[in-house]
Every structure is written in C-alpha cells, then in structure tokens.
Amino acid sequence: MWITQFSDKDIRALIEEDVREGTFVTTKAVTDGLLLLKQNGVLLITGYAGTGKSRIGRHILHMYCTENISYKCIKLNTLGEWEYMVSTEHNVVVLLDDIFGETNCIYNREIYTKILDKVHAYVCQGNIKVIITIRDTVKRQCQEVFDSHRLFQYEFIDLSSQKYLLSQEEKCTVLTKYMETVRQSDFIGSKGYVDCNGDLILKDDEVSNITLENPVKGFPLAVYQFVHNNKYFKLGSKFFDRPTEAMLEEMNAIRRKGEKHRRFMIQYAVMVYTAVNENCINPMLTPLLQRF
C-alpha cells in the first residue's frame, strides 16, 4: 500500500495516528469526495481554516488505497516535489496538501504550469489520482490559475459552502468522539457529559449551544482546541463564539489607529455597533456611513 522509496514518511504516521485516535467523523464531504476521486481522478477540497481540509484529504487517501490495494499512497509537501518523488510507472494516489501554500499564494507560473500540465496528463491516463487541498483565502489569491488550468475544472468540495456545513447532528458526533477520547467522558441525556468519577463536566445546555455555533476557525479545529486546553474548556460554549486571537489583534489595531485617523475611528465604531446589534446594521444608516 505504501511507496517507501517515494513517499515522505510522515504521511503513514499521520494516517495511522488519525485511525488510532478514532475521532474522525465521516460526513457528506467525505462520501462525496471519495466518489469524485473515483469518477474524475481528481479531488479538489477548499474551505477556511479549521474546517478539516487536510484531515479529510488524508482520510479519503486512506479509504481509496484500502479499497484499491494496487494503488500506493504518497504526500507531497510542495508541487515542485512531483518531478522526483512521483513514479508514473505505479498506480499512485498523491495528496497535495495546501498546494500553493498555507497562508499566501506561492505560485511560480513558469515552473508550476509545466508540472500541472504533467499532472493532468497522467490523471487522464488513469494510473494517477490526485487529492488537492487549498485554503479559500489562498485560492482567491491564485484565482487566475484555478479559472484557467484544466486540472482545476473539476467540481470542488467547498467545506465553507452551505452544502457541506456540518449539521448539528454531525457536530454532536464530533464533540462526542473528542469528549470520549480526550476527556474520558460519557454523555447522559438531559444532563450532559460526565467524567469517569461521575462528575458533570459539560452541561447539556452548553452542549446544545456549542453544536449550534459556527466558529470563525472552523468547528473541527475549535472542538480539538476546546477539549485539549483546560483554559478553553472552562469557557464552555463561550469559547466557540469568540473571535480568534489574530482577529482580536486586528480589531485592536483598528481601534488604536482610530485615535488619530477618522477613517479607522468610523470603521471601529461600525464594528462595535454591529456587534452590539446582533451582527446587523440598520439599512437606514447606510447613506450616513457612505459619507465617510
């Protein structure tokens, strides 16, 4: 199942750890993604940070190679590694995780266009399958490539779209798996999660609030951080509706600039007004705000 001479050793360890941990939840994105990989030879996954792109990509890689034992698994750290790490003589499934970088678009047109042409050609031949993940912010920076190259003309699994947003039931399942595995706790109906001593550690109403949230950083990542960090866990459902530290710093920067610059002062005032009015802006204020 594995190409030891071509694959980086981390992919096997990552997948084995995913399986051992037992916290992965098979969602519609996973079942649709596996079907697209079988049909097209290409699976494209996008979404904002924390929605599970990398883990879903690894899991589908594992599922496909388990079903099709003639295929080998390989993960590339960069697209540039394709030339010397992928053997086109084998049946191979290649995972290109964060294909053009994690935060900023890293794309060398002169080099990468030729490689993408080769990838597409081998996919069309049938012995190479490709799973590609990319963060939505990076995809927007590289949109010209995605609009023009043949490799990216297949259907995307967009984890940020309404179609693939986690349902409340799926969120409950994610939370339960992490609570059982990390917090060694069980759920008791109408009560909540209790630990091995029988002590209530997360009330039922808190569980309901958590599973209704769509946190900024993505629900799977938020749950992971929540159960692993005692400081976050003590916050309960409040942890899930708060902005990330990066967002807080950006808002504070706007506030500080607003002390000297009118434009930033208005921008900060609008953010505060929106926050205290349940994330809504009165349409009657729009003409007034446009003056600034």
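Some points to look at:
- For Glu169, neighbours were defined as the other residues whose beta-carbon sits under 14 Å from its Cβ, and their charges (Lys and Arg +1, Asp and Glu -1) total +2.
- Angle between the chain longest axis and helix 10-21 axis [Cα atoms, degrees, rounded to 10]: 60 degrees
- Long pairs among Lys114/Lys217; Lys163/Lys217; Lys75/Lys139; Lys53/Lys234, criterion Cα-Cα beyond 25 Å: Lys114/Lys217; Lys53/Lys234
- Helix 262-276 vs. the chain, principal-axis angle (Cα, 0 to 90°, nearest 10): 90 degrees
- Rounded to the nearest 10 degrees, the angle from helix 28-40 to the longest Cα principal axis of the chain is 30 degrees.
- In the chain, helices alone account for a calculated mean residue ellipticity at 222 nm of -15000 deg cm²/dmol, with every DSSP H run of four or more residues adding -39,500 (n - 2.57).
- Virtual spin-label span in nm between Asn77 and Asn209, 7 Å along Cα→Cβ: 4.3 nm
- From the largest down, region 141-201 spans 59, 20, 17 angstrom on the principal axes of its Cα atoms.
- Estimated Rh, region 114-256: Kirkwood, alpha-carbon pairs, angstrom: 18.4 Å
- Our summary gives region 61-159 a relative contact order of 27 percent, counting only alpha carbon pairs under 8 angstrom and 6 or more residues apart.
- Contour excess over end-to-end distance, with Cα ends at Asn230 and Gln125 and 0.36 nm allotted per residue: 32.7 nm
- Normalised size of region 1-104, defined as Cα radius of gyration per 2.2 N^0.38 Å with N residues, equals 1.03.
- For the chain, built as a Gaussian network whose Cα springs stay under 10 Å, the top-fluctuating residue of Gly50, Gly33, Gly126: Gly126
- Of every Cα-Cα pair in the chain, the percent that sits beyond 37 Å: 28 percent
- Protection proxy ranking, highest mean first, for peptides 205-215, 90-100, 257-267: 90-100, 205-215, 257-267, where packing is the per-residue count of other beta-carbon atoms within 10 Å, averaged.
- All-pairs Cα distance distribution in region 51-133, expressed in whole percent, bin size 10 Å: 17, 51, 28, 3
- Note on the chain: GNM, Cα springs under 10 Å; of Arg20, Arg135, Arg255, the largest mean-square fluctuation is that of Arg255.
- Listed peptides 144-156, 217-229 by packing density, highest first (mean Cβ within 10 Å): 217-229, 144-156
- Förster radius 41 Å - calculated FRET efficiency between Thr88 and Met265 (Cβ-Cβ, nearest 0.05): 0.10
No value in this document is a laboratory result; all are computed from the given coordinates. Please read all numbers here as calculations on a predicted model, not as lab measurements. Note that we place each Cβ from the backbone using ideal geometry, even for glycine, and neighbour counts take in every protein chain shown.
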